[in-house]
Amino acid sequence: MEPLPALTSLHCNSKLLKQASGVRCDGIVRLFIEKEEKEAVRGEIQITDYGISGIPVFQVSRHAVRALSQNQKVFCSLDFLPDYTEKDIFVLLRKKFFEGNALEDKLSLEDAVSGMVHKKLSGVVLKDIGYSPADGISSMKDKDLQKLSRAFKNFSFELTGYHSFDYGQVCQGGVDVREINAETMESKLVKGLYFAGELVDVDGICGGYNLQWAWSSGYKAGKAAIQ
């Protein structure tokens, strides 16, 4: 299979998201390929000037990279409040917006959602659904709060590219495992030819698995080669 980078950062076409560059937040990254959800991973997401990075992005990147290389449509959805349901967020927003002295204090939308997520992120989410962070809360209705609740749970955009081999932590693709003797790592097609590590179409998630594969396959290949 064609070698491609894996465990790498992803590029997107969201100009709004770039406005939150530098922000790190706990969240869920959901990857969709041709409208079908492929994988969802939670962790610390890093918002960058080119797109998204961080461990959860690395974990889903192998699927995104392969699909993009095949000219498939790839989308990503970020859940910025993974510990809360959409209903939980709606109830919280309703309290913040309509209870106490919020209306009398003429809070802005930005002030009203303060503390829920990073200020840069809240501004981006509000703009994405058509509101200005400076708008007052007096015009907000339940339907607006429901819209905002969904936006915090589902900030979506198209992925357009990925970081190259120079930045990827591992390579995906390579020699098909079905063409290799698993006990000796010798090629089934060419006698005396051995493979190990990233030359083989094996790649894992973050956590040392790729290093372990390199060491284990290298040991087996080396031991078999000298016998």
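The values are calculated or read from the model by the stated rules, or taken from the named source; none is laboratory data. The structure presented is a predicted model; accordingly, all values stated were derived computationally and were not measured. Virtual Cβ from ideal backbone geometry, glycine too; neighbours counted across all protein chains shown.
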Exercise. What number of residues in the range 172-211 are surrounded by fewer than 19 Cβ atoms within 10 Å (Cβ to Cβ) and either within 30 Å of Val117 (Cβ to Cβ) or under 25 Å from the mean Cα position of the chain (by Cα) (or both)?
Worked result: 8
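Would you be able to tell me the number of residues in the range 57-98 that are of a type in the set (Lys, Arg), touching an Asp or Glu at 6+ places or on another chain (Cβ under 9 Å) and surrounded by fewer than 18 Cβ atoms within 10 Å (Cβ to Cβ)? Walk me through it before giving the result.
Residues of the range 57-98 of a type in the set (Lys, Arg): 62, 66, 73, 87, 94-96.
Restricting the remaining residues to those that are touching an Asp or Glu at 6+ places or on another chain (Cβ under 9 Å) gives 62, 66, 73, 94.
This time we only want the ones that are surrounded by fewer than 18 Cβ atoms within 10 Å (Cβ to Cβ), so: 73, 94.
Matching residues across the range 57-98 total 2.
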For this session: Considering each residue of the range 29-56, count those that are under 19 Å from Val117 (Cα atoms) and surrounded by 22 or more Cβ atoms within 10 Å (Cβ to Cβ), and give that number.
Result: 6
Seminar exercise, completed: Flagged in the range 162-196 as closer than 20 Å to Gln227 by Cβ and either in contact (Cβ under 8 Å) with a residue 60 or more places away in the chain or among the small types (Gly, Ala, Ser) (or both), in numbering order, are Ala182, Ser187, Gly192, Ala196
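Please give the strands (runs of 3 or more DSSP E) falling wholly within the range 35-134 in which 1 or more residues are in the same structural domain as Gly161 (by TED's automatic domain parsing) and without any contact (Cβ under 8 Å) to a residue 12 or more places away in the chain. Write out each step before concluding.
On the way: elements: 36-47, 51-53, 74-79.
Once the strands (runs of 3 or more DSSP E) in the range 35-134 are filtered for at least 1 residues that are in the same structural domain as Gly161 (by TED's automatic domain parsing) and without any contact (Cβ under 8 Å) to a residue 12 or more places away in the chain, what remains is 36-47.
Residues to consider are Gly161, Gly218, Gly192; find the one that is touching a helix residue (DSSP H, G or I) at 6+ places or on another chain (Cβ under 9 Å) and in a loop (DSSP other than H, G, I, E, B). Give the steps one after another, and end with the answer.
Working: Gly161 fails: in a loop (DSSP other than H, G, I, E, B); Gly218 fails: in a loop (DSSP other than H, G, I, E, B).
Sole residue among the options that is touching a helix residue (DSSP H, G or I) at 6+ places or on another chain (Cβ under 9 Å) and in a loop (DSSP other than H, G, I, E, B): Gly192.
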